[in-house]
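Trainee: Take this structure, written in structure tokens, and hold onto it; I'll ask about it next.
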Amino acid sequence: MNYSKKIESLATSMTLALSTKAKNLIQEGIPVLDLTAGEPDFDTPEYIRMAGIEAINKGLTRYTPANGTLELRTEICKKLLNFNKLEYSPNDIIVSTGAKQSLLNALMAICNPGDEVLIPTPFWVSYPEMTKIASGVPITVETSYDNDFKVTVSDLDKYLTNKSKVLIINNPSNPTGAVYSKNELMDIANWALKNKIFIISDEIYERLNFVSQHHSIASFNKQIKNITITIGGFSKSYAMTGWRLGYCAANGDLVKLMNKIQSHATSCANSIAQYAGYIALKEEQNEIEDMITQFKNRSNLVYNLINDSGTLDMIKPQGAFYGFINIKYFIGKKYNDLEIKNASDLANILLDKFQVAILPGIAFGNDNYIRISYATDEDTIRKALERLIDLSKKVN
Ligand SMILES: Cc1ncc(COP(=O)(O)O)c(C=O)c1O
């Protein structure tokens, strides 16, 4: 008897494993300062919670169409038009159980065994493993710190083969917080068009852009739109992580394929969450912009603390709620007898000796960095970063 070799070869989500370790310590009464969270620290806004309750009481508790309710897909189309400058009809949308399911649907609909999926590094942890589930081959594309880790056409050219099938772009980025400009996206889109590469554009953090208007790759022209799958969701912008609601917009052929997968895998996204998502979009209230402003303020706090430290540095986070901190200062040094060879060693020392939980960059493909999340209160951010900086003064 043996199990699936493909699934056995997958890595478990390191981000979830470490944040679970931190949460367990907190439950044991150890006051860990936790900067691992991949979700807003705010509760789902009240008007959305009330919509969920209303959905239950109204009896919206049955299967919906596999691609989601028409009312939610219609509202998503309005949002895509107004915010993303994208014209789609409800039939071009599939509502899923989180953006995660949309991403997996997209990769499964595109990849044949052995097809290469280009994934700029540092990347969100799940892209390589999702690619493997879809029988594709993850190809991690090196990017440069000097360009805020944003992938360029010359980076991509180095990895292009006749098996290259799809490129994943995450804008704003988890883990770096970088935001692509319109011109940068346009260059990438034209490169993909020229080389007949699909684009999966993960725009889950689109509302958390502190520096500019958000640009969607698919909005540039019809041909680019035709090769692009745009991924969106409610988890980050509406503080709805546990409701599990996301969506994608794509061309009709791809939508048909993704719909087949979804109808067999999950039937449909949760009906109550779908109604709450519909109200979240239709009746958006000020709380959402208030949350975004708080994230922006915290991003400045993190950047100033780190860059004034004299030992550490980072690119300025421009979106999402993460900071990717360069820890080369620590590498090769020791804290007491403990050697710091990489970010994973640093993460262990920080958690075990200083009760600060962060994620080592290895989870995102670069172990000379750590990722901190500032989806937590300012006091926790300040204390945790002070301990990190304090540690940098104690190593030698
Ligand atoms: C870059 C990125 N894409 C997608 C997701 C998945 O979001 P959802 O909760 O909608 O599945 C996350 C969640 O952490 C993310 O960081």
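Trainee: Could you count how many residues in region 142-162 are surrounded by 21 or more Cβ atoms within 10 Å (Cβ to Cβ) and either in the same structural domain as residue 303 (by the TED database) or away from the ligand (no atom under 16 Å from the Cβ) (or both)?
Mentor: Summing the residues that are surrounded by 21 or more Cβ atoms within 10 Å (Cβ to Cβ) and either in the same structural domain as residue 303 (by the TED database) or away from the ligand (no atom under 16 Å from the Cβ) (or both) in region 142-162 gives 1.
Trainee: If only one of 200, 188 is within 16 Å of the ligand (Cβ to nearest atom), modelled with pLDDT of 95 or more and surrounded by 23 or more Cβ atoms within 10 Å (Cβ to Cβ), which one is it?
Mentor: The match here is 200.
Trainee: Taking the residues in region 205-242 that are assigned to a helix (DSSP H, G or I) and buried (at least 24 other Cβ atoms within 10 Å of the Cβ) as candidates, determine which candidate is farthest from the chain's Cα centre (by Cα).
Mentor: This residue is 218.
Trainee: Could you go through region 88-98 and let me know if any residue there is within 12 Å of the ligand (Cβ to nearest atom) and open to solvent by 40 Å² or more (accessible area, probe 1.4 Å).
Mentor: Yes: region 88-98 contains one or more residues that are within 12 Å of the ligand (Cβ to nearest atom) and open to solvent by 40 Å² or more (accessible area, probe 1.4 Å).
Trainee: Could you grab the pairs with beta carbons closer than 6 Å, sequence gap of 6+ or different chains, first residue in region 163-176 and touching a residue at least 12 places away in the same chain (Cβ under 8 Å) and open to solvent by less than 10 Å² (accessible area, probe 1.4 Å), second one within 11 Å of the ligand (Cβ to nearest atom) and of a type in the set (Phe, Trp, Tyr)?
Mentor: Cβ pairs passing all conditions: 168/127; 172/205; 174/124; 174/322; 175/322; 175/364.
Trainee: Only one residue in 347, 320, 384 is at pLDDT 95 or above, among the aliphatic types (A, V, I, L, M) and within 26 Å of residue 142 (Cβ to Cβ). Which one?
Mentor: The match here is 320.
Trainee: Kindly list, by first and then second residue, each pair from a residue in region 47-69 that is open to solvent by less than 70 Å² (accessible area, probe 1.4 Å) to a residue that is β-branched (Val, Ile, Thr) and part of a loop (DSSP other than H, G, I, E, B), limited to pairs with Cβ atoms under 9 Å and residues at least 6 apart or on different chains.
Mentor: Listed pairs, sorted by first residue: 52/44; 55/61; 60/69; 66/266.
Trainee: Filter region 25-40 down to residues that are surrounded by 11 or more Cβ atoms within 10 Å (Cβ to Cβ) and in a loop (DSSP other than H, G, I, E, B) and give me whichever is farthest from the ligand (Cβ to nearest atom).
Mentor: 30
Trainee: Would you point out which residue out of 109, 134 is at negative phi, surrounded by 18 or more Cβ atoms within 10 Å (Cβ to Cβ), free of Cβ contacts under 8 Å to residues at least 40 places away in the same chain and away from the ligand (no atom under 14 Å from the Cβ)?
Mentor: 134
The values are calculated or read from the model by the stated rules, or taken from the named source; none is laboratory data. Remember, predicted model here, so these are calculated numbers, not experimental data. In this analysis, Cβ positions are derived from the backbone assuming ideal geometry, glycine residues included, and neighbour counts consider all displayed protein chains. Only protein heavy atoms, including side chains, enter the accessible area calculation; ligands, DNA and RNA are left aside. Shrake-Rupley method; radii C 1.70, N 1.55, O 1.52, S 1.80 Å.
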